[in-house]
Every structure is written in structure tokens, then in C-alpha cells.
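Asks: Below you'll find the structure I mean.
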Amino acid sequence: MCTLRICGNALDVEALLGHLTLEPAAVYRRGEILFKSTSRRRLTSGVNIGVSDAGFANLDEQIADVCAFIEEHRSELAALRSIPGVEHIDFDFPVEEKDVTIPSYCFPAKLIELWASVGAELEVSLFPAAKDGSPTPQ
């Protein structure tokens with residue numbers, strides 16, 4: 001699932017939520033414990049918004065979903081840069097690691113143009129492929 005992440009070190013999350021019409025999947029604040037199993041704390045405040053439900057092995061569908069999402073919400077996404085404290089607007093693509101010597105992933109020019117039009121960044125999170133033939137987690 002591709003996720004839109006909007007965050008910043010000094011971001012006022014409540015102010016951000018007041019500007020959003022998009023429904024956050026997660027809201028987090030700087031200083032909160034990152035995972036219950038650790039004492040690590042969050043370094044930023046922000047929100048995550050689900051953009052694509054396509055699985056890790058389906059990068060093409062994630063890309064198509066993100067293109068449609070940006071086109072539909074372009075003005076709202078572009079306005080996020082003017083909110084005080086917003087430092088990062090990134091689309092995180094979770095992808096399944098390829099069993100090749102040098103894994104690579106290609107993003108089309110259309111998507112790069114759309115990212116640039118809203119001031120967004122790209123993040124790719126690699127997840128190991130299932131070794132037992134079971135489906136990769138969604």
C-alpha cells in the first residue's frame with residue numbers, strides 16, 4: 001500500500017488536520033513512542049494517508065493509483081507546503097525485493113512531473129520476498 005506521509009519536526013498536527021480534507025490512516029506526534037516493543041520515540045509529527053491498496057509486488061498499480069490520487073487532489077497537496085512546520089511530503093512505495101543481483105524500480109516521467117507539481121518526495125521501502133511461496137503481505 002503506497003502511503004502519503006506529511007511530517008515535520010515542529011509540525012502542529014492539529015493545524016495540519018484543520019487544512020486536510022483527506023482522511024488520515026494514522027496521526028502521530030513528535031516524542032510519542034514509535035513501537036510498543038521499544039523505547040524509541042518519534043522524531044517528527046505528522047499524518048499518513050493511504051493512497052493505494054495494491055500489494056508490494058504490484059508497483060505498476062501503485063504508480064497508477066498515485067498518479068490518479070495526485071491529479072484528483074493536486075491543489076490540496078500543493079497547498080500543504082504553505083502550512084507552517086510541514087517539512088516532508090512523501091509518497092512511500094512498499095515494494096517486494098526482487099531476487100536479482102541489482103534490484104531496480106522505474107518511475108515514469110508522468111509521476112515525477114506530478115510529484116514535482118505538489119512538492120512531494122519519493123520513498124521506496126523494500127520488503128523481503130516471501131521465501132516459502134506464500135503471498136507477500138499487502
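The values are calculated or read from the model by the stated rules, or taken from the named source; none is laboratory data. Fair warning: this is a prediction, and the values are worked out from it, not measured in the lab. For neighbour counting, all protein chains shown are included, and Cβ atoms are generated from backbone atoms with ideal geometry for every residue, glycine included. Ligands, DNA and RNA are stripped out before the accessible areas are found, and what is left, the full protein with its side chains, is counted by its heavy atoms. Shrake-Rupley method; radii C 1.70, N 1.55, O 1.52, S 1.80 Å.
Asks: Across the range 80-91, in residue order, what do the Karplus-derived ³J(HN,Hα) couplings come to in whole Hz, using 6.51 cos²θ - 1.76 cosθ + 1.60 with θ = phi - 60° and x for Gly and Pro?
Replies: With the stated coefficients, the range 80-91 comes to 4, 4, 8, 7, x, x, 6, 10, 9, 10, 9, 9 Hz.
Asks: Subtracting the Cα-Cα distance from 0.36 nm times the residue separation, let me have the gained length for residue 82 to residue 102 in nm, one decimal.
Replies: 3.3 nm
Asks: With angles folded into 0 to 90 degrees, how steeply does helix 59-79 sit against the dominant principal axis of the chain? Use alpha carbons for both and round to 10.
Replies: 10 degrees
Asks: Which one, 128, 86, 111, projects farthest toward the positive side of the charge dipole computed for the chain from Cβ point charges (K/R +1, D/E -1)?
Replies: Checked the options; the winner is 86.
Asks: Which residue, 32, 97, 71, has the most motion in a Gaussian network model of the chain that connects Cα atoms within less than 10 Å?
Replies: Comparing 32, 97, 71 in the GNM, the peak value goes to 32.
Asks: Roughly how many Å² is the accessible area per residue of the range 1-78, as a whole number, for a 1.4 Å probe?
Replies: 55 Å²
Asks: Which of (1) 28; (2) 23; (3) 33 is the computed percent of Cα pairs over 25 Å apart for the structure on display?
Replies: This structure yields the entry labelled (3).
Asks: Keeping the other protein chains in place, figure out the carbon and sulfur percent of the accessible area of the range 47-138, with a 1.4 Å probe.
Replies: Carbon and sulfur: 54 percent of the exposed surface of the range 47-138.
Asks: Let me ask something else. Report the antiparallel proportion of the DSSP beta bridges in the chain as a percent, rounded to a multiple of 5.
Replies: Expressed as a percentage, antiparallel bridges in the chain total about 70.
Asks: Further, regarding this structure: Compute the angle between helix 109-118 and the longest alpha-carbon principal axis of the chain, please, reported from 0 to 90 degrees and rounded to the nearest 10.
Replies: In the chain, helix 109-118 runs at an angle near 20 degrees to the longest axis.
Asks: Going through the range 36-138, which trypsin sites (Lys or Arg not before Pro) have at most 10 other Cβ atoms within 10 Å and a DSSP loop state?
Replies: 36, 40, 131
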